[in-house]
1. Can you tell me which residue is modelled with the lowest pLDDT among those in region 22-50 that are touching a Gly at 6+ places or on another chain (Cβ under 7 Å) and not hydrophobic (A, V, I, L, M, F, W, C)?
2. Residue 150 fails exactly one of the following numbered conditions: (1) open to solvent by 10 Å² or more (accessible area, probe 1.4 Å); (2) closer than 18 Å to residue 84 by Cα; (3) of a type outside the set (A, V, I, L, M, F, W, C). What is the number of that condition?
3. Out of everything in region 307-325 that is open to solvent by less than 10 Å² (accessible area, probe 1.4 Å) and touching a Gly at 6+ places or on another chain (Cβ under 8 Å), what residue ends up being nearest to residue 34 (Cα to Cα)?
4. Residues in region 267-300 that are touching a residue at least 24 places away in the same chain (Cβ under 8 Å), part of a helix (DSSP H, G or I) and over 18 Å from the mean Cα position of the chain (by Cα): how many?
5. Quick one: which residue in 221, 233 is open to solvent by less than 10 Å² (accessible area, probe 1.4 Å), closer than 19 Å to residue 369 by Cα and touching a helix residue (DSSP H, G or I) at 6+ places or on another chain (Cβ under 9 Å)?
6. Here is a list of conditions, (1) open to solvent by less than 20 Å² (accessible area, probe 1.4 Å); (2) in a loop (DSSP other than H, G, I, E, B), and residue 128 meets all of them except one; can you say which number that is?
7. Taking region 63-94 as the search range and keeping residues that are at pLDDT 85 or above and surrounded by fewer than 19 Cβ atoms within 10 Å (Cβ to Cβ), which one is nearest to residue 201 (Cα to Cα)?
8. Would you mind stating whether residue 350 is in contact with a Lys or Arg (Cβ under 7 Å, 6 or more places away or on another chain), touching a residue at least 24 places away in the same chain (Cβ under 8 Å), among the basic types (Lys, Arg) and surrounded by fewer than 22 Cβ atoms within 10 Å (Cβ to Cβ)?
Amino acid sequence: MSGVPTDGAASEQDTRQPPGPRRLILVGLLLAQALSLTGTRLSAIALPWLVITTTGSAVLTGVAAFAQMGPYVVAKAACGPLLDRFGPRRVVIVAEVGAGVAVLAVPVLHLHGALSFPLLCVLVALVGVMSGPADGGKNAMVPSVAAGARVPLERVTGLSGTVERLATTVGTGLAGALVAWLGAAPSLFVTVGTFSVAAVVIALSGPRQTPGEAEPYLASLLAGASVIGRDKLLVSIFAMSAVTNLLDAALFSVVLPVWAAQTGAGPAAVGLLAATMSAGAVVASMLAAGIGHRMPRRVTYLLGFLVAGAPRFVVLALDVPLSVSLAVFAVAGLGAGFLNPIIGAVIFERIPDGLVGRVSVLGSSLAWAGIPFGGLIGGALVAGIALSPTLLLLGGAYLVTTTLPALLPTWRELDRRASLPPQA
């Protein structure tokens, strides 16, 4: 089964292209992702800072974060039938504009002294409801963009991963500086701008899709879920991603800050380690965009997780200089950068035509399902068994989870490639 046309061109039904160079749809998708992700990174810093500076409560800050991420995951999973019915382009345009309007209300109401905390939670929930379909829709465009631009899936997923890593590495730093310069509420006007421009870019360059066949919403959603349920490899990928995302969330949200406090490394070390890993991932994602379609998937996948996972936890548990930890995190980033292009290509190749939207966003939501619980588990473990045992336990769990591809026959299907459009 493949969601990618194999004749080197997009089908008229699914991916009628706008006039202009065929690479325009690829450039447009990447530009829209860069704009949207930068705005998201900015709001991820500005909104918590707004809450903590206006309420002084870490608990309320966590409540506001949950108010956004909970609806985000649910809406992303639920929008799949809409993506396949109306096309990702239409959904992304409406969702980006809707998210921009919801974000705009926050600084406007704050500047007029009318922003209560309950109202802020409602607004950030609306941001999550809109951002989930916007992000899911752009991801669902990948197969049609690869087909229309006539490039391998690994190249598009690699470039998309590079944009995401750059937005995390560069965008977060710029966002922090902007919040410090303008303040939390005024800086959100920039997020409104990035979301709005992203909607315009998708409107001008996004692959157009004729309306799909109308069917009951629940039946449509269940059809997407049944594709995942029948495919053992997809089930394994999403389940493993849920566990690794949970472990990563535990590390970065709780365990790493505790390590920085207990060792005296300080918060600067946390940022430096995260930036070092992201920089390594950017380099690897760029390499994957160029040569990923020629690399053996299963071996690359195993080696990538081997260096990207457990070593980070182990080195933090040891009494070593910061420079050693930075080196390990840099190598981990290189390994991590090759993973998403492979995972993305495999997933899209196994989705039938007409079901790309609902299957891809549902799978993504399943992979994110563990993230909200990572901090809770990390905090409970540190409180219960201390820092070093927690790091070793989490690292061991990461190693066991990511070595399954070497043991289970299902994972051999990673190397089964669908026919791809010819390169230009």
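The values are calculated or read from the model by the stated rules, or taken from the named source; none is laboratory data. All of these numbers come straight from a predicted model, not from anything done at the bench. Positions of Cβ are generated from backbone atoms using ideal geometry, with glycine treated the same way; all protein chains shown enter the neighbour counts. Areas reflect the complete protein model, heavy atoms only, side chains present, ligands, DNA and RNA absent. Shrake-Rupley method; radii C 1.70, N 1.55, O 1.52, S 1.80 Å.
1. Once the filter is applied, the top-ranked residue is 22.
2. (2)
3. 308
4. Final tally of qualifying residues: 11.
5. 233
6. Unmet condition: (2).
7. For region 63-94, the residue satisfying everything is 94.
8. No, not satisfied.
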